[in-house]
Amino acid sequence: MNIKHSLLNIFQDNPTCWQLILDQALYGYLISQKNSPENFYINPALQEHLKLLLTDFKSEEFSFEIKEPLEKSEAKSIKTEAYFFLNGKKIASKKAHFLSFSFQQEEFYIAVFSSEKITRANAYQKTYDVGLAEKLKISEKAFQNNFEYGATGMALVSLEGKWLKVNKRISLMLGYTKEELFKLTFQDITVPEDLEKDLSLLKRLLDGEIDHYQLEKRYYHKNGSIVYAILAVSIVKNNDGLNLYFISQLIDITEMKRAEKRIKKLFKKSKEQNERLENFAHIVSHNLRSHAGNFSMLLELYESQLDEEDEIITMLSSASSNLQETIEHLSEIVNMHNSIKNTMESIAVLPVAKKTIENLSSQIQQHNLKITLAVDASLKVKAVPAYLESIFLNFISNAIKYSSPSKASFLEVNAEVEDAFIRIDFKDNGLGIDLEKHGHKLFKMYKTFHEHEDARGIGLFLTKNQIQAMGGKIEVESAVDEGTTFSIYLKKTT
Amino acid sequence: MSTLKLTCIIDDDPIYVFGIQKVMDVINFCESTLIFKNGRDALDNLSSIIENNENIPDVILLDLNMPIMDGWEFLDEFIKIPSPKKVYIYVISSSIDPKDVNRVKRYQDVKNYIIKPVGPEQLSTILKDFKEDNFS
């Protein structure tokens, strides 16, 4: 069989052979329908050549025209020019051998782009250079804009440290005009203490040990003030690997630094204040106590030696015991926050409530207070046992103390889970508190709101402090003559 | 009749020392007292008294906050001295700091921690403890 004569049949039966030839061809091939030029095929070699001219090649936007229209199904090919368009814009013109042929009653062209040697290999090199230049032009423009108007300071700096090109931001940051900067080196305006670390990194960059670096450093503003900046530096080399210049980027962090300084100062101040407070607490809990203790001891001694009662001594004794009590309360508050962590444990609420009610039973009966307890036995809180007892004692005795004599008094104690807390409500129908008037000082030390003989204004203050020390919180709702509801939140445990 | 022969008071506060002695007189606490102004003073004298087996106190009332040598340092040194006689040590301080209270509990030789001011009741309790241990 003569293969040359059978080629047609071979290709007809094996279309992939054709495909391979076209795909791998070094010449560019174009096949197109004559009446609808948008219907065309171009092989990879031509595609690649055309694509490299464009950043984003899409066949839909691509079209072509032939300089001289071809006659119908000519036997011989003619050499003519093809114009390539992208979105109607001419991007190239190429000479090619065109041949017209018909297939299934339709007219087609086939073009072979060989005359300019658009082989895949050299097309690549040639168009790469052109395309790159094109691309560079675009990116250079983008870079120019970015460089000049960017939010970061940017500069090209010579290997010796001279400013070669700076943007507006740098001028703004450092207070110098561009012209002034060009006469300076970065060394001139770097705060001396920060120069060494910058220079040592620069040297490593020059030696090729690193390809960029970043550091926080300080510059002098033209007006003498200090500018804090984050500096990022990279190096530009030519094709032979020789160092050309540095690209520096600067971000002004002066404001952030100032804020940080203010916060640090504030932190230091509050730390000092806290230390003073602790010191004060120690003075209260020890020194004041010992003096007050001496007073009390001496007075007691003196009083015991008196044959008859002396009014002034009696009053002195009373003043002395008040002083002792005050100091006691103060120290209690101080110690509460200091010693809390080790003494917290998981405690069931119900037994504490029951025990407190039991302890107060005679007073409860005396005031005819009806207490209902709705606390699930499974509820447990993280608390200091003594505090929890004291909290219950306080609220229940408050409900007794401030119950209304004119109606049947009740106190409802409910507990339920609320997120990570257990909320315990103490709801009474007692005298109530005018919260608008007294709300702001309800939990303050030595504030009382009823003319009650036992009201000392310490209970709620202590209670609030105990609750807070255990990581909880307290809320109150109240209306005069209607009653009060205290809600306390304590951390839930299992 | 008093049951204690000798009580040792270690405290730097002269008013307290004056007062406690008066209270002691009132309740007839002991026959005599030995006063030291700080831990160092007390340790030096007590160690020589014990060494020579002289008049060893029955009870020591020890303050915590003192100059030169405080109550803690005194305790650490004193409990190392072997004594032929059991000495009842009471820490008597103004501090209600739980840290101090707990720290005292770690000393087996300390009978109790008493918070100032000290009056007749507290001294009577000391006396009672001593009697129970020694005469029952």
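Just so it is clear, none of the values below were taken in a lab; they were calculated from the coordinates. It should be emphasised that the depicted structure is a prediction, and the values quoted were computed from it without experimental measurement. Cβ sites come from the backbone with ideal geometry, for glycine too, and all protein chains shown count toward neighbours.
Of the residues A:Y29, A:Y41, the one with the fewest other Cβ atoms within 10 Å heads the list, and the complete ranking is A:Y41, A:Y29. For each pair in A:K271/B:K37; A:K441/B:K116; B:K5/B:K111; A:K90/A:K165; A:K257/A:K491; A:K382/B:K116, compute the distance between the two Cα atoms and list the pairs where it is over 28 Å. Where the Cα-Cα span goes over 28 Å, the pairs concerned are A:K271/B:K37; A:K441/B:K116; A:K90/A:K165; A:K257/A:K491; A:K382/B:K116.
The alpha-carbon of A:K265 sits under 16 angstrom from the alpha-carbons of these aspartates and glutamates, leaving out residues fewer than 8 places away in its chain: A:E255, A:E275.
In the protein assembly as shown, taking the dipole from charged Cβ atoms about the Cα centre, the farthest positive-side position among A:T190, B:G19, A:T80 is held by A:T80. Note on A:E475 and A:S362: their simple-model spin labels are 3.8 nm apart, each label 7 Å out from Cα toward Cβ.
Please work out the FRET efficiency for the pair A:I21 and A:F101, using the Cβ-Cβ distance as r and a Förster radius of 22 Å; give the result to the nearest 0.05. Calculated value: 0.85.
Just need log10 I(q)/I(0) for chain A at q = 0.11, 0.13 Å⁻¹, Debye formula, equal scatterers on the alpha-carbon atoms, no solvent, rounded to two decimals. One equal scatterer on each Cα of chain A leads to -1.01, -1.18.
Partner chain Cβ atoms within 10 Å, averaged over the residues of A:315-325 - can you pull that number for me? Spell out each step's value before the answer.
On the way: counts 0, 0, 0, 0, 0, 1, 0, 0, 0, 1, 0.
Mean number of neighbouring Cβ atoms from other chains: 0.
Counted by neighbouring Cβ atoms within 10 Å, the residues B:C8, A:C17 run from fewest to most as A:C17, B:C8.
What ranking, highest mean first, results for peptides A:435-442, A:154-161 when packing means the other Cβ atoms within 10 Å averaged over each residue? Intermediate values should be presented prior to the final figure.
Numbers: A:435-442: 12.9, A:154-161: 16.6.
Order by mean packing, descending: A:154-161, A:435-442.
Derived scalar couplings between HN and Hα for the stretch A:350-364 equal 4, x, 5, 4, 4, 4, 5, 4, 4, 5, 9, 4, 5, 5, 4 Hz in order, rounded to whole Hz, by the Karplus curve 6.51 cos²θ - 1.76 cosθ + 1.60 (θ = phi - 60°), x for Gly and Pro.
Can you put B:M24, A:M256 in order of Cβ neighbours within 10 angstrom, beginning with the fewest? Kindly include the intermediate steps, with their values, before the conclusion.
Working: B:M24 22, A:M256 12.
In order of increasing Cβ crowding within 10 Å: A:M256, B:M24.
Taking every Cα-Cα distance in the stretch B:7-118 and sorting them into 10 Å bins from zero, the calculated P(r) comes out as 14, 50, 32, 3 percent. Averaged over the residues of B:14-23, the number of partner chain Cβ atoms lying within 10 Å of the residue Cβ comes to 4.
Phi-derived couplings, Karplus 6.51 cos²θ - 1.76 cosθ + 1.60 at θ = phi - 60°, listed residue by residue for the stretch A:307-316: 7, 10, 5, 10, 4, 5, 5, 4, 5, 4 Hz, with x used for Gly and Pro.
The alpha-carbon of A:K370 sits under 17 angstrom from the alpha-carbons of these lysines, leaving out residues fewer than 8 places away in its chain: A:K354, A:K355, A:K401, A:K407, A:K427.
For A:M154, the residues whose modelled amide H falls within less than 5 Å of its own, excluding neighbours fewer than 5 places apart on the same chain, are A:N167, A:R169, A:I170, A:L250.
The mean number of partner chain beta-carbon atoms within 10 angstrom of a residue's beta-carbon across peptide B:89-102 is 4.
Under 17 Å of direct C-alpha separation, and excluding same-chain neighbours fewer than eight residues apart, A:K89 reaches these aspartates and glutamates: A:E38, A:D56, A:E60, A:E61, A:E65, A:E81, A:E134.
Each eigenvalue of the Cα gyration tensor of the stretch A:258-338, multiplied by 5 and square-rooted, gives one semi-axis; in descending order these are 43, 10, 9 Å.
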